[in-house]
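Have a look at the structure below before the remarks.
The values are calculated or read from the model by the stated rules, or taken from the named source; none is laboratory data. Just so it is clear, the model here is predicted, and its values are computed rather than measured. Ligands, DNA and RNA are stripped out before the accessible areas are found, and what is left, the full protein with its side chains, is counted by its heavy atoms. Shrake-Rupley method; radii C 1.70, N 1.55, O 1.52, S 1.80 Å.
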Amino acid sequence: MTPLSYHHLFEPGTDAKAPPLLLLHGTGGDEHDLLPLGRALSPGSALLSPRGNVSERGAPRFFARLGEGRFDPAEVTQRTHELADFIAAAAARYGLDRHQLIAVGFSNGANIAATLLQLRPETLAGAVLLRAMVVLDQPAPAGSLTGKRVLLASGTHDPIVPNDHPPRLATLLRAGGATVTLQSSAAGHGLAASDIAAAKKFLT
Ligand code: MLT
């Protein structure tokens, strides 16, 4: 069997009605990080959790960073396609229905989930974006995200994500037809109980 292109963990689902989740960690995390969150948010879901294949001085990420909030759009695009191709291969390997697959991403993982929606919309049915920012400032093509649901959860005093980014990202995704819910917590870049509650509600 050809090895899949990302280090990853796969946990089979135990509840056929629970959507499979794609777990995407933040900078310096790995494939283990979000498993407890995934289990808590949607018990019984199958969990696919890749490790970012870019290293920032040893910290795994899903695409490179030139500085805080500064990215190379060509590199982000290339990494987004790599991840989308991995997801397609992993879905075939593990028998996952991509029409049901929901990304749960935190920080850098939320950012690549957003670029997946912008560039490879067929990859996901929706996404929970925890502390996402605008990375690719381009609207999703009209109609490409019709029927897909997105929760964009931000923190009012996040030192990394500027306050105008969540509404701007919502506009870019709504251009493709996504139904986007903006949730704001009195929190920083780290997650708060209100984020978890909103994500859980969104997934059920
Ligand atoms: C990013 O680089 O994707 C964002 O700055 C979030 C982060 O990883 O801190």
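What the table below lists for this structure:
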read-out	value
Counting DSSP beta bridges with both ends in region 1-128, the antiparallel % (nearest 5)	45 percent
Value at 222 nm in deg cm²/dmol, rounded to 500, when DSSP H runs of n ≥ 4 in the chain each add -39,500 (n - 2.57)	-9500 deg cm²/dmol
Residue-normalised accessible area of the chain, expressed per residue, 1.4 Å probe, Å²	43 Å²
I160, I112, ranked by accessible area, largest first (probe 1.4 Å)	I160, I112
Stretch gain in nm, segment S55-A92, where the contour uses 0.36 nm per residue and the Cα spacing is subtracted	10.6 nm
Binned Cα-Cα distance frequencies in the chain - 10 Å width, integer %	9, 40, 40, 11, 0
T181 accessible area, assembled protein chains, probe 1.4 Å, Å²	70 Å²
Where Rh is the Kirkwood radius over Cα pairs, Rg/Rh for region 1-47	1.00
Whole-number percent relative contact order across region 122-204, with pairs defined as alpha carbons under 8 Å at least 6 apart	35 percent
By accessible area with a 1.4 Å probe, ligands and nucleic acids excluded, highest first: order of R131, R51, R70	R70, R51, R131
The chain, accessible surface, carbon-and-sulfur percent (1.4 angstrom probe)	55 percent
Spatially proximal aspartates and glutamates relative to K201 (Cα-Cα < 18 Å; intrachain offsets below 8 disregarded)	D15
F106 accessible area, assembled protein chains, probe 1.4 Å, Å²	50 Å²
Accessible-area order (highest first, 1.4 angstrom probe) of the listed residues K17, K201	K17, K201
